[in-house]
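K.L.:
The structure's right below; bear with me while I get my questions together.
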Amino acid sequence: MSASKKDYKRITTKTLVEMKSNKEKISMVTAYDYTMAQIVDGAGIDVILVGDSASNVMAGHETTLPITLDQMIYHASSVVRGAKRSLVVVDLPFGSYQSDPKEALRSAIRIMKESGGHSVKLEGGTEIKDSIKKILNAGIPVMGHLGLTPQSIYKFGTYTVRAKEEAEAEKLMKDALFLQKAGCFAIVLEKVPAKLAEQVASQLTIPIIGIGAGNVDGQVLVVNDLLGMTNEFNPRFLRRYLNLHEQITGAISQYVADVKNEDFPSEEEQY
Ligand code: KIV
């Protein structure tokens, strides 16, 4: 069995906690549609995140704030149809869970019922504790998200590394412990110092999935960035495995030329 694709029938929230205790790293990537979900699932990804980064990479917005619950459900239901083995986590979008716990639960239920996703992710710690508990009490698995939380970008004012100062690092540790105690099955830690992330990962029994957070229990990247479809986003943590932007541009330019030159379709490509 290759290291990249172990023989799990279907990854569950329980599998992830077991993977951490067996020191097996967790691979997670975003997807927003059926075709990409099928590809990443077949390649052995453990967790597919239907991220609200769809707002940026699918819809072209500057931030994650504009995407709606209905739009997230549309993306998530397409991904679920393509995911046979991976656990599907769906982001609760901005505005769908912050105002009150009942609304948070209603939003989470809509995601579970209408998309068929397996769990939800939301950003924040103790400040949204009642919403997190309400969703968990309904039997819906929750993944936390701490550190750089893009839905709060207008509060932070910048996308730079979070929790470099002691007070913020202490608050982050407190929030992580709270999320674990409340019953979350994993936490995404975004853009925090590797040393702090390592301390959080070693104090918690639930997996810490990092993005710009060093070598923790697992890693997550936005699939469009990993594949090099985006070419203007160059944070230090990003490793591009392909340069699809260049390759797709080349392929489409060739197609344009072939159509113009009447090279396409050839005799064999006609009925
Ligand atoms: O929406 C997203 O893509 C995310 C990842 C960056 C973790 O939340």
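K.L.:
Within region 107-114, is even one residue at pLDDT 95 or above, open to solvent by 20 Å² or more (accessible area, probe 1.4 Å) and outside any helix (DSSP H, G or I)?
P.N.:
Checked against the condition, which is being at pLDDT 95 or above, open to solvent by 20 Å² or more (accessible area, probe 1.4 Å) and outside any helix (DSSP H, G or I), region 107-114 yields no hits at all.
K.L.:
Ok, one more. Provide a single number: the residues in region 62-84 that are more than 14 Å from M36 (Cα to Cα), assigned to a loop (DSSP other than H, G, I, E, B) and not aliphatic (A, V, I, L, M).
P.N.:
Final tally of qualifying residues: 5.
K.L.:
Would you confirm whether or not region 167-185 contains a residue that is assigned by TED's automatic domain parsing to the domain that holds L92, basic (K, R) and buried (at least 22 other Cβ atoms within 10 Å of the Cβ)?
P.N.:
Checking region 167-185: not a single residue is assigned by TED's automatic domain parsing to the domain that holds L92, basic (K, R) and buried (at least 22 other Cβ atoms within 10 Å of the Cβ).
K.L.:
Would a scan of region 90-100 turn up a residue that is open to solvent by 10 Å² or more (accessible area, probe 1.4 Å), within 17 Å of L179 (Cα to Cα) and without any contact (Cβ under 8 Å) to a residue 40 or more places away in the chain?
P.N.:
yes
K.L.:
What's the number of the only condition in (1) touching a residue at least 40 places away in the same chain (Cβ under 8 Å); (2) within 16 Å of the ligand (Cβ to nearest atom); (3) under 23 Å from A37 (Cβ atoms); (4) not in a helix (DSSP H, G or I) that A59 fails to meet?
P.N.:
The number of the failed condition is (1).
K.L.:
From the residues in region 11-33 that are small (G, A, S) and open to solvent by 10 Å² or more (accessible area, probe 1.4 Å), which one is nearest to the ligand (Cβ to nearest atom)?
P.N.:
Going through the qualifying residues, I end up with S27.
The values are calculated or read from the model by the stated rules, or taken from the named source; none is laboratory data. This is a predicted model, so every value here is computed, not measured. Using ideal geometry, Cβ is built from the backbone for each residue, glycine included, and neighbour counts are taken over all protein chains shown. Please note that ligands, DNA and RNA were not included when accessible areas were found on the heavy atoms of the full protein model with its side chains. Shrake-Rupley method; radii C 1.70, N 1.55, O 1.52, S 1.80 Å.
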